[in-house]
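For reference, the structure discussed in these notes is given below.
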Amino acid sequence: MEEGSKRAALASQETLGATSDLTADASFKGEECGLCNVDSSTVETATVHLECNNKVFGNDASENQTPYSNYANMFQSSGIGEPSVFHALVVIFLEFFAWGLLTVPIIAVLNDTFPDHTFLMNGLIMGIKGFLSFMSAPLIGALSDVWGRKFFLLITVFFTCSPIPLMTINTWWFFAMISISGVFAVTFSVVFAYVADVTEESDRCLAYGQVSATFAASMVISPALGAYLLNMYGEAVVVALATAIAVLDVFFILVAVPESLPEKIRPSSWGAPISWEQADPFASLKKVRKDPTILMLCVTVFLSYLPEAGQYSCIFVYLKLVMGFSVVMVAIFIAVIGILSVCAQLILGFLMRVLGPKKTIMVGLFLEMLQLMWYGLGSQTWMMWAAGLLASISSITYPAISAFVSMHTDADKQGLVQGMVTGMRGLCNGLGPAMFGVIFYLFHVDLNEVSSPAPAIPGANVSSHTPDVHWRHADQAFPGPPFVFGAALVVCALLVAYFIPEGNSMGTNLRPTSSRRHSGEL
């Protein structure tokens, strides 16, 4: 009778949804519990068995549930449909579309806020952002392996887009927030991890290509649209639209994006330890010197991507404020170069088959060197367009490097070696913009609307709204010194790439990567 009463009490608690007052008894050694379908005479205790407690209450009895962990479970279980590449593509498109709208307006705001040191401040702002991203990417990647991709997609998109509304409120805070947001500006890393979770290894390269193409598509459309809205309705409308799209992206992640690691997201894993090696941004770089081939490859990446990162940070400011491109011309330039960059990826496979990965890398580096020289020494509008054409084709360099790594690295070391190359690029994202800004400053290329007019540049399409450029002691025939310096670095990269051996297997002296995927290695 007493056993039956206990069973009835437990059943009543189940019906009412009682929570974790019932815990596993250490003395209960394998006997069936009061909730199992067994004869009551065999039950020695009324304590609920661990597995049965999980089934009844949906809890892990090994630890107490908290409101935070319950909320986390609810957050992770939300979403529409099964996790897919489509969800990742929408997240990327909306984030970069929002920022792309501000490409043209931000140039004027930057010049108004820092009229005497526009290029220097642009380089420092983007340099700080890039360096913070490099420092935080491994930690966020490791944490996303434990806490899930969705949570960090939300965090990265929210903080990356949070400076947007400040553009019309307080420009100083706007640029300060851009720098600080670098801590979370690693959406691409988390998206690549999300894609890796939902695709087979054989389909992963195609999926990564779709992500890159989506990014390019967003940058093709949005700058032109932002420039049009700026001319028609003013800066406030552009910022409002960009803010609305950023909010839509956050809402999409909250409501529509399903977690790609549901089997790993359990309350018990939320306290899982993260090793310092996983969070150390320099961990993979420390291993570079152990393999001569990897060392030469990483030196090539560093010397070539350092000027590329610097160029990306200032080229649109340079075209408008130095070369005299109008707002519309800058937008068209971005769109055309974006389309050509997508087309360049189509010929990559052909070049790889005909020339091989190493020679394809060298072709890309040679074209990068030419376009940097043209940007640095060119003084006419058509030269900028020609340099842009070369820049779009030279975008094959990094995909060719990734292909070289995949072809010359054992399967169990792919993530490790690719992580080293990615880490080197991340470091360049911090150093490149700062390097370009400092070189512009050292050569006294400053922007000042009230200074004496700059010497006329033959062939430049000078707009009536373009501020004068204050070139103190600058040489008219040498308008872009950082680009020329970058070209010299790429020449060094070409020399290093020439001596990279093709027959060696890379990473033989390194430990294999863990079977667990980390977004920082993608």
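The values are calculated or read from the model by the stated rules, or taken from the named source; none is laboratory data. None of these values were measured; they are calculated from a predicted model. Note: ideal-geometry Cβ built from the backbone for every residue, glycine included; neighbour counts use all protein chains shown.
Structure summary
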item: Residue 176 vs. criteria under 24 Å from residue 428 (Cα atoms), free of Cβ contacts under 8 Å to residues at least 60 places away in the same chain and out of contact with any Ser or Thr (no Cβ under 8 Å at 6 or more places or on another chain); result: yes
item: First in the stretch 150-161 and in the same structural domain as residue 259 (by TED's automatic domain parsing), second anywhere and of a type in the set (Asp, Glu) and not in a helix (DSSP H, G or I), Cβ under 8 Å, 6 or more apart; result: 150/259
item: Number of the condition not met by residue 126 [criteria: (1) under 19 Å from residue 154 (Cβ atoms); (2) buried (at least 20 other Cβ atoms within 10 Å of the Cβ); (3) hydrophobic (A, V, I, L, M, F, W, C)]; result: (1)
item: All helices (runs of 4 or more DSSP H) inside the stretch 232-347 with 2 or more residues being at pLDDT below 85 and either surrounded by 15 or more Cβ atoms within 10 Å (Cβ to Cβ) or under 24 Å from the mean Cα position of the chain (by Cα) (or both); result: 276-279, 283-286, 292-321
item: Some residue of the stretch 196-216 being out of contact with any Pro (no Cβ under 8 Å at 6 or more places or on another chain), surrounded by fewer than 20 Cβ atoms within 10 Å (Cβ to Cβ), hydrophobic (A, V, I, L, M, F, W, C) and at pLDDT 85 or above; result: no
item: Qualifying residue in the stretch 150-170 (condition: in a helix (DSSP H, G or I), at pLDDT 85 or above, of a type in the set (Lys, Arg) and farther than 27 Å from residue 482 by Cβ); result: yes
item: Scan of the stretch 348-381 for residues that are small (Gly, Ala, Ser), farther than 15 Å from residue 407 by Cβ and over 25 Å from the mean Cα position of the chain (by Cα), ordered by number; result: 376, 378, 379
item: Filter result for the condition that a residue is more than 21 Å from the chain's Cα centre (by Cα) and either basic (Lys, Arg) or under 18 Å from residue 191 (Cα atoms) (or both), over 169, 140, 80, 92; result: 80
